[in-house]
1. From the list R194, R212, which one is in a loop (DSSP other than H, G, I, E, B), closer than 17 Å to V35 by Cα and modelled with pLDDT under 95?
2. Could you say whether any residue in region 46-56 is more than 24 Å from L88 (Cα to Cα), buried (at least 20 other Cβ atoms within 10 Å of the Cβ) and at pLDDT 95 or above?
3. For region 1-102, please list each of the strands (runs of 3 or more DSSP E) lying entirely inside it that holds at least 3 residues being in contact (Cβ under 8 Å) with a residue 12 or more places away in the chain and in contact with a Gly (Cβ under 9 Å, 6 or more places away or on another chain).
4. Among the residues in region 143-152, are any surrounded by 18 or more Cβ atoms within 10 Å (Cβ to Cβ), out of contact with any strand residue (DSSP E or B) (no Cβ under 9 Å at 6 or more places or on another chain), at pLDDT 95 or above and closer than 23 Å to E39 by Cβ?
5. Looking at T169, T202, which one is polar (S, T, N, Q) and in contact with a helix residue (DSSP H, G or I) (Cβ under 9 Å, 6 or more places away or on another chain)?
6. Of the conditions (1) farther than 18 Å from L46 by Cβ; (2) more than 17 Å from the chain's Cα centre (by Cα); (3) not polar (S, T, N, Q), C163 satisfies every one except a single condition; which number is it?
Amino acid sequence: MNERIFTAAAARFPLRERDIGAFSHIAGRGMDFRVKAYEAPGAGSLCLMEMRAMAGLMKMETAVFSPTGLDGPLFSMDAISAMGRDTLILELYDTTLSHPDFSALEEIRTRYASLSGYDPGEHWYDPMRLAVSDYKRGRKTAGAYDPYVRDYAQRYFELLAGCARCDETEKKKQNAVFADGLIQNGGPAVDQFRKMLGDEATADFLHKVMFRC
């Protein structure tokens, strides 16, 4: 899945890999994370993460694109496979200054509406989450998710490329609202990072690597 997102991003923006030091490999508590980060000059930053746990019985791919030079929403994808069940989470968060229209992604959601969905429940970030976010879950359905991720990412980056340029300092402040919300409210991944890295290093990872704020 991450390869699909990397390819879609690279088709619109030049990507330059960043040196993230020790954050490139995070391990502990039976989990192993491999992380890569890329700068898209003038546009934003892409973070790709792969996790393995339970002797390979659980796998997760995560991708986050944080716009900084373009006033677009933050993109987040999680693809999780565990014990034969596959989950796909595609989310956009309004970290923008001018609230551009990304409703064209609804056509992509409709195209894959036959894939079984689920209710993600209520979360602190719901006011920031755009309606074109989507949630899928099924048994041994990862192969069906691949074209969905490809099409969704391609449309997202197409729309992002058309967004207005903005002040990077102000845009990063908006990204920080989301990152700080995760730090304050916690979540499955953030809680695990805290246990492996501690509070300070977890905050550094979110601010400097994942969300670039």
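1. Working: R194 fails: in a loop (DSSP other than H, G, I, E, B).
Checking each option against the conditions leaves just R212.
2. no
3. Result: 58-67, 85-93.
4. For region 143-152, residues surrounded by 18 or more Cβ atoms within 10 Å (Cβ to Cβ), out of contact with any strand residue (DSSP E or B) (no Cβ under 9 Å at 6 or more places or on another chain), at pLDDT 95 or above and closer than 23 Å to E39 by Cβ: absent.
5. Going through T169, T202 in turn, just one is polar (S, T, N, Q) and in contact with a helix residue (DSSP H, G or I) (Cβ under 9 Å, 6 or more places away or on another chain): T202.
6. For C163, the exception is condition (1).
The values are calculated or read from the model by the stated rules, or taken from the named source; none is laboratory data. Nothing here was measured: the structure is a model prediction, and the numbers come from that model. All Cβ positions, glycine included, derive from the backbone under ideal geometry; neighbour counts span all protein chains shown.
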